[in-house]
Number of protein chains: 4
Amino acid sequence: MNEIKQLTKLILKFRNDRDWQQFHNPKDLALSLSLEASELLELFQWKTSEEAVEKDLGKMKDELADVITYALLFANETGIDVLSAVKQKMMKNDEKYPVEKAFGVNEKYNEL
Amino acid sequence: MNEIKQLTKLILKFRNDRDWQQFHNPKDLALSLSLEASELLELFQWKTSEEAVEKDLGKMKDELADVITYALLFANETGIDVLSAVKQKMMKNDEKYPVEKAFGVNEKYNEL
Amino acid sequence: MNEIKQLTKLILKFRNDRDWQQFHNPKDLALSLSLEASELLELFQWKTSEEAVEKDLGKMKDELADVITYALLFANETGIDVLSAVKQKMMKNDEKYPVEKAFGVNEKYNEL
Amino acid sequence: MNEIKQLTKLILKFRNDRDWQQFHNPKDLALSLSLEASELLELFQWKTSEEAVEKDLGKMKDELADVITYALLFANETGIDVLSAVKQKMMKNDEKYPVEKAFGVNEKYNEL
């Protein structure tokens, strides 16, 4: 089985065993995804990138896993195919950020 | 090639073509991941879950793709194996949320 | 003394007593503000608005206080006058959201 | 009139003129507060603190105003007194972060 389906299956089993599907509407899943991304970010609060990674890489692994988990639950509830979503978005990004304009520049596409 | 490696390769090519690796320290990647999660959540602002999905599923697909993209970039920079991170976190969650206590309950593990 | 100056003074004393000014650059303050806003939001996770307020109003008070605290610290570090900032922004909002277009509508100004 | 009441009155007039009270339940206000904090943070994405402030101080003023606006709307809907909330929280922080332990240390209270 491919990886994304495999992870999704694992997560859904965990979820359904606990009868939590009733809470998992897309709005609350997007909210939870945002909260987990904040928990990952919190590990960098008041620190340089290097200090934080050195101190908390183990916790980062767990928080990133939570982010991926809610991303896959969101995709599952809304019927989004993650693989094709990323591929299509990268094609859009290719147009928004043409190499000749974006090379080495840290600005948003509308400021290039 | 497996899916996660395949997506990561696609994303890194896009990134390296633009010489953006210089900006991609883990702290700014975690920050960006949080911002993209907020952009997904913004599509639900002032709306019910159903209203939002009906109106903006296409945009949700793009924003979810951005979340996945930064999650994979973060994993790549910090050397986290996404597949094993999620599997290990699900095992921890199994202990934090035992079925008999967590069944149908929308509380955090420390309030079960 | 007016309220905003009074609160700012209280917060700065707490901060300076701990020699934390060294960490309080605007980027980390904005990051912390975002984290505190997430902690407030977390109290609503998986719940309706009413359920959450009934359960956690006391915690909401604390988290809102943290949000205000970082907002005032950010304003202090960047030299922003909070009172005039809000007044000026409300005048801009008046133009972005004319009453006749925005009345009863839950869309962003660019979709009105 | 004191400042916080004055700002709240201004914001409520803007809101009520547009008949938006119907959308302003605490959960969506907390969600919006989090989104506005992210928009402020976005101005620092891929930049050092100094680069960002130099480039976008005007935008920061607007985004901070939005944060304050939602904080005051949240306080208004839930009946929280902002002034006393901050004062009480600072007293709690005094206990959580005793000067002798917290002086010059960038760790959370549970790691002091």
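What is the list of residues in the stretch D:1-39 whose amide nitrogen lies under 16 Å from a point 7 angstrom out from the Cα of C:Val99, following Cα to Cβ?
D:10-21
Relative to the longest principal axis of chain D, what angle (0 to 90°, nearest 10) does the C-alpha long axis of helix D:82-96 take?
For helix D:82-96, the angle is close to 20 degrees.
Got the C:Asp19 label distances to the other copies yet, label 7 Å along Cα→Cβ, in nm, shortest first?
4.2, 5.5, 6.0
List the relative contact order of chain B as a percent without decimals, with contacts defined as Cα pairs under 8 Å and 6+ residues apart.
Across chain B, relative contact order equals 29 percent.
Taking a 1.4 Å probe, which of A:Phe14, A:Phe103 shows the most accessible area, and what order do the others take after it? Mind showing how you got there, number by number?
Numbers: A:Phe14 25, A:Phe103 115 Å².
Ranking A:Phe14, A:Phe103 by accessible area, largest first, yields A:Phe103, A:Phe14.
When the expected Rg is taken as 2.2 N^0.38 Å, what fraction or multiple of it is the alpha-carbon Rg of chain A?
Cα-based Rg divided by the globular estimate yields 1.32.
Mind ranking A:Phe23, A:Phe44 by accessible surface for me, highest first, 1.4 Å probe?
Putting A:Phe23, A:Phe44 in descending order of accessible area: A:Phe23, A:Phe44.
How crowded by other chains is C:85-96, given as the mean number of beta carbons from other chains within 10 Å of each beta carbon? Present the calculation step by step, with values, prior to reporting the outcome.
Working: counts 10, 15, 4, 3, 9, 7, 2, 2, 8, 3, 0, 0.
Average per residue, whole number: 5.
Provide an ascending nm list, one decimal, of label-point separations from D:Asp81 to the equivalent residue in each further copy; define each label point as 7 Å from Cα along Cα→Cβ.
In nanometres, ordered from closest: 2.9, 5.7, 5.9.
Can you give the accessible area buried between chains C and D, summed over both chains, with a 1.4 Å probe, in Å² to the nearest 100?
Details: alone 9110 and 9090 Å², together 12190 Å².
In total, chains C and D hide about 6000 Å² from solvent.
How large is the helix-only mean residue ellipticity at 222 nm for chain A, computed as the sum of -39500 (n - 2.57) over DSSP H runs with n ≥ 4, divided by its residue count, in deg cm²/dmol to the nearest 500?
-24000 deg cm²/dmol
Shielding by partners for D:72-83, please: the mean number of other protein chain Cβ atoms within 10 Å of each residue's Cβ.
Rounded to a whole number, the mean comes out at 4.
Taking all protein chains together and a probe of 1.4 Å, list D:Lys108, C:Lys9 from the most accessible to the least accessible.
C:Lys9, D:Lys108
Give me the dipole magnitude in Debye, nearest 20, for chain B about the Cα centre, with unit charges on the beta carbon: positive for Lys and Arg, negative for Asp and Glu.
The dipole of chain B has a size of about 420 debye.
How far is A:Gly58 from itself in the other copies, in nm, if each label sits 7 Å out from Cα along the Cα-Cβ line, shortest first?
Once sorted, the set of distances for A:Gly58 reads 3.3, 4.8, 5.0 nm.
Let me cross-check D:His24: its accessible surface, 1.4 Å probe, with only protein heavy atoms counted, in Å² to the nearest 10?
Taking all protein chains as shown, D:His24 has close to 10 Å².
If you count only protein heavy atoms and use a 1.4 Å probe, how large is the accessible surface of C:Ser49, to the nearest 10 Å²?
10
Over the stretch A:3-78, what percent of the accessible surface lies on carbon and sulfur atoms, probe 1.4 Å?
Carbon and sulfur: 50 percent of the exposed surface of the stretch A:3-78.
If I ignore ligands, DNA and RNA and count only protein heavy atoms, how much of B:Trp20 is accessible to a 1.4 Å probe, in Å² to the nearest 10?
Roll a 1.4 Å probe over it and B:Trp20 shows about 40 Å².
B:Lys59 to A:Lys55: FRET efficiency via 1/(1 + (r/R0)^6), r the Cβ-Cβ distance, R0 35 Å, to the nearest 0.05?
With R0 = 35 Å, the Cβ-Cβ based efficiency is 0.45.
What is the helix-to-structure angle for B:49-78, meaning the angle in degrees between its Cα long axis and the longest Cα principal axis of chain B, kept from 0 to 90 and rounded to the nearest 10?
60
Let me see the P(r) profile for the protein assembly as shown: every Cα-Cα distance counted, bins of 10 Å, each bin given as a percent of all pairs.
4, 20, 32, 27, 14, 2, 0
Measuring from the axis that superposes chain C on chain A, report the chain C residue with the minimal C-beta distance, rounded to whole Å.
Closest to the rotation axis on chain C: C:Ser38, 2.
The values are calculated or read from the model by the stated rules, or taken from the named source; none is laboratory data. Remember, predicted model here, so these are calculated numbers, not experimental data. As a convention, Cβ positions derive from the backbone with ideal geometry for all residues, glycine included, and neighbour counts pool all protein chains shown. To get the accessible areas, we keep the full protein, side chains included, count just its heavy atoms, and leave off ligands, DNA and RNA. Shrake-Rupley method; radii C 1.70, N 1.55, O 1.52, S 1.80 Å.
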